[in-house]
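We did not get these values from a lab; they are worked out from the coordinates using the rules stated. All values reported here derive from a predicted model rather than from experimental measurement. Here the Cβ is made from the backbone with ideal geometry for all residues, glycine too, and neighbour counts use every protein chain on show.
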Amino acid sequence: MKKQKINNKSPLITLALILTTSLAACGGSGDPIDDTPSPPKPPVVSYPSYTDVTASGGATTTFDAGNSGHGFSTPAPNLGAAELAQHLEGDANFEMSFTTAPNAAHPELDGLGPVFNNADCNSCHQRDGRNSTPSLGADKTRVKLGTDAGIFLRISKAPNQACTQGSAENNYCAPIPVPDFGGQLFHRGVLKARADWQDHNFGGQADVYLSYERTTVTYADGGQVSLKKPIFEVENPYDAPRETKQSSNVTSNLLQDDVLMGWRNGMPVFGLGLLEAIPEAAILALVDEQDSNKDGISGKANWVFDAIKANAGDPNPVSLGRFGWKANTPSVRVQSLGALRGDIGITNPLFPEESIAGTSLHDSYLTRTGFVDTGVDVDGAPEASAKFSDDVVFYAETLAVPARRNVSNSEVREGAKLFTELNCSACHTPSFVTKTSGDIGGQPMIAALKGQTIYPFSDMLLHDMGDGLSDGRPDFLANGNEWRTRPLWGIGLTQTVNPQAGFLHDGRAATLEEAILWHGGEALASQQAFMGLDKAKRSQLVAFLMSL
């Protein structure tokens with residue numbers, strides 16, 4: 001049959017077939033035939049869309065911070081001349097160290113305390129990054145928090161029942177202040193802040209001690225990592241000196257069993273204006289409180305009291321929480337000026353009353369010392385002027401986001417794939433586009449922040465992170481297990497900026513690997529998948545995080 005088919009073709013076609021066959025047999029040039037099979041083509045590798053992105057903050061990105069200890073302290077490069085001047089004024093205010101009132105020589109510096117956590121913003125946000133994690137030293141089992149501690153305690157009374165819908169009647173689900181103490185524990189004080197100041201010079205509302213509880217985690221391949229959990233103990237409260245929780249008769253308001261305490265580490269302050277400029281609708285689109293898609297991830301919005309709206313007479317002064325470890329503040333302005341009044345004790349136009357006003361401690365201090373430290377200056381205005389306040393807020397809103405590094409490195413690229421495969425991106429949403437109009441913090445939008453494609457790697461929502469990270473303390477709609485997804489941009493430069501910095505809300509993790517291992521709750525499946533990787537792949541994921 002085959003011969004018959006060939007013979008049925010025309011002579012020209014037959015000749016062409018013969019020539020083709022001959023050429024093929026000779027390699028076309030008289031060379032022998034190469035029968036070696038071609039190697040299989042490598043599979044096409046699909047990397048996430050963010051793998052090659054370097055400009056994490058859009059046009060606000062700085063590309064000059066890669067190996068700098070000041071990598072978080074650069075002004076956004078797209079600021080105009082007047083904006084840059086205001087940013088630099090705010091920078092000076094951010095680093096200003098306040099003093100006890102009265103200070104006749106430098107009245108612009110006075111007003112510290114009378115009880116406080118630190119005397120300047122930079123101490124909690126060292127070089128605009130995280131603060132140093134307190135170290136015990138080789139010869140200590142615990143250490144007393146002092147002047148070098150950027151960590152502090154939120155305090156509140158346990159509610160009778162969970163608050164799920166805020167209203168004026170329930171104070172919008174805000175934490176319940178501890179009687180005669182408030183909502184934050186101040187472990188430092190000015191001279192004579194306490195009535196027993198001879199025994200506790202420069203003491204605050206109480207003494208705070210830190211120790212660590214250590215455990216070991218073992219990977220599937222036998223590798224091990226030591227983890228530490230901070231244990232804080234509060235002693236010697238001003239309303240019952242020398243009392244502890246172990247005292248036979250506990251009388252202090254602070255040491256009662258229904259007082260809840262949550263430990264807070266200072267956060268980086270760069271890129272905050274961009275986070276506030278993310279459209280609210282874009283964040284709310286990610287909410288899945290009932291886990292309708294059954295992926296184990298149920299992002300939740302925190303709706304919080306907004307002092308700006310309250311001051312403007314809004315009948316419903318509630319906004320979406322965006323900042324703080326539990327998304328308990330709505331704007332950079334509320335966050336910054338709340339910390340100025342709270343952490344340092346400097347009143348300002350948004351928070352004109354001392355944080356401890358009306359407490360026995362404050363009343364006693366004013367009576368015993370005769371100092372005029374009621375939170376106002378000689379003209380009856382708050383201690384920080386409107387301009388000072390505006391400038392320091394503007395500074396926090398306009399710090400540049402550091403560019404990503406090493407994006408072409410093969411380990412980083414493989415780590416980007418793992419970040420998606422392990423479903424880390426379900427909470428650490430890679431990107432958003434900022435809005436182009438409207439306001440932030442009650443002020444007109446800053447031009448440099450408009451319409452920027454940014455890569456913060458956060459959905460800005462609350463997630464249950466499990467019992468291991470729980471502080472048991474509700475904060476507006478956030479329960480004790482829930483934390484806001486921490487933005488990851490710049491995280492690889494954390495210990496370049498401050499080698500002593502730690503990760504997570506209380507600084508317990510010394511490395512990013514340790515931080516991953518603490519993930520539980522909604523992140524447990526991702527954490528377990530990470531633990532199942534071999535050492536090389538675990539290193540790749542960390543390499544990707546270090547590139548951010």
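With unit charges on the beta carbon (Lys/Arg positive, Asp/Glu negative), name the residue among N423, G266, T374 whose Cα is farthest towards the positive pole of the charge dipole of the chain.
Selected residue: N423.
Go through the stretch 272-355 and name the GluC sites (Glu not before Pro) that are in a DSSP coil and have 12 or fewer other Cβ atoms within 10 Å of their Cβ. All intermediate terms of the calculation are to be shown ahead of the outcome.
Values: sites: E276, E280, E289, E353, E354; in loops: E289, E353, E354.
The qualifying sites are E289.
Give the angle, between 0 and 90 degrees and rounded to the nearest 10, that separates the Cα long axis of helix 11-25 from the longest principal axis of the Cα atoms of the chain.
60 degrees
Reachable aspartates and glutamates from K450, Cα under 20 Å, same-chain residues fewer than 8 places away excluded?
E83, E276, E280, D390, D391, E397, D439, D459
Just for the Cα atoms in the stretch 438-524, what are the lengths along the principal axes, largest first, rounded to whole Å?
41, 35, 20
Net charge around A85, counting only other residues with Cβ within less than 14 Å of its Cβ (Lys, Arg = +1; Asp, Glu = -1)?
Values: positive: K387; negative: E83, E89, D91, D390, D391.
Surrounding charge for A85 is -4.
Of K140/K245; K144/K326; K144/K228; K140/K326; K417/K535; K228/K326, which pairs sit farther than 24 Å apart, going by alpha carbon to alpha carbon? Intermediate results must be reported in sequence, preceding the final value.
Details: K140/K245 21 Å; K144/K326 26 Å; K144/K228 18 Å; K140/K326 32 Å; K417/K535 16 Å; K228/K326 22 Å.
The answer is K144/K326; K140/K326.
Please sort 495-508, 188-201 by packing, taking for each peptide the average over its residues of neighbouring beta carbons within 10 angstrom, highest first. Numbers along the way, then the final one.
Values: 495-508: 20.4, 188-201: 18.1.
My ranking of the peptides, most packed first, is 495-508, 188-201.
Can you give the net charge of the other residues whose Cβ lies under 10 Å from the Cβ of G480, counting K and R as +1 and D and E as -1? Present the calculation step by step, with values, prior to reporting the outcome.
Numbers: positive: K326, R473; negative: D464, D467, D471, D475, E482.
Spelling it out: positives minus negatives among the neighbours equals -3.
When a/c is below 1.5 the answer is rounded, else prolate if a/b is larger than b/c, else oblate, so apply that to the stretch 125-244 with a ≥ b ≥ c taken from the square roots of the Cα gyration tensor eigenvalues. Walk me through the intermediate numbers first.
Values: a/c = 2.08, a/b = 1.18, b/c = 1.76.
Oblate.
Run through the stretch 267-352 and list the trypsin sites (Lys or Arg not before Pro) located in a DSSP loop whose Cβ has at most 15 other Cβ atoms within 10 Å.
On the way: sites: K294, K300, K309, R322, K326, R333, R341; in loops: K294, R322, K326.
Taking the stretch 267-352 and a limit of 15 other Cβ atoms within 10 Å, the loop trypsin sites (Lys or Arg not before Pro) found are K294.
Of S360, I344, L461, which is farthest towards the positive pole of the chain's charge dipole, taken about the Cα centre with +1 and -1 on the beta-carbons of Lys, Arg and Asp, Glu respectively?
L461
Based on the mean of other beta carbon atoms within 10 Å per residue, what is the order of 61-67, 425-431, most packed first? Provide the component values of the computation, followed by the final result.
Values: 61-67: 17.4, 425-431: 19.9.
With the highest mean Cβ count within 10 Å placed first, the list reads 425-431, 61-67.
Sorted by mean Cβ packing within 10 Å, highest first, what order do the peptides 241-250, 520-529 take? Could the numbers behind the result be given before it?
Values: 241-250: 12.8, 520-529: 18.8.
Packing order, densest peptide first, comes out as 520-529, 241-250.
Just how far, in whole angstrom, is the stretch 148-201 from the stretch 497-525 if you go by their alpha carbon centroids?
For the stretch 497-525 versus the stretch 148-201, the Cα centre distance is 26 Å.
Too long at a 32 Å Cα-Cα cut-off: which of K157/K294; K192/K229; K157/K300?
Working: K157/K294 35 Å; K192/K229 34 Å; K157/K300 23 Å.
Pairs exceeding 32 Å: K157/K294; K192/K229.
Positive end of the dipole of the chain, charges at C-beta (+1 Lys, Arg; -1 Asp, Glu), about the Cα centre: which of L109, V250, V401 has its Cα farthest in that direction?
V401
Report Rg/Rh for the chain, rounded to two decimals, where Rg is the Cα radius of gyration and Rh the Kirkwood radius. Intermediate values should be presented prior to the final figure.
Details: Rg = 29.6 Å, Rh = 25.9 Å.
Taking Rh as the inverse mean 1/r over Cα pairs, Rg/Rh reads 1.14.
Given +1 on the Cβ of Lys and Arg, -1 on the Cβ of Asp and Glu, and no further charges, what dipole in debye does the chain carry about its Cα centre, rounded to the nearest 20?
On the way: 43 positive and 62 negative charges, 479 e Å.
Rounded to the nearest 20 debye, it is 2300 debye.
Please compute the net charge surrounding N118, taking Lys and Arg as +1 and Asp and Glu as -1 over other residues with Cβ under 10 Å from its Cβ.
So the surrounding residues net to -2.
Which value, in debye to the nearest 20, gives the size of the charge dipole of the stretch 416-470 about its Cα centre, when Lys and Arg are +1 and Asp and Glu are -1 at the Cβ?
It comes to approximately 340 debye.
Only counting other Cβ atoms within 10 Å, I'd like I346, I231, I491 sorted with the fewest neighbours first. Could the numbers behind the result be given before it?
Numbers: I346 30, I231 12, I491 21.
Neighbour counts put them in this order, fewest first: I231, I491, I346.
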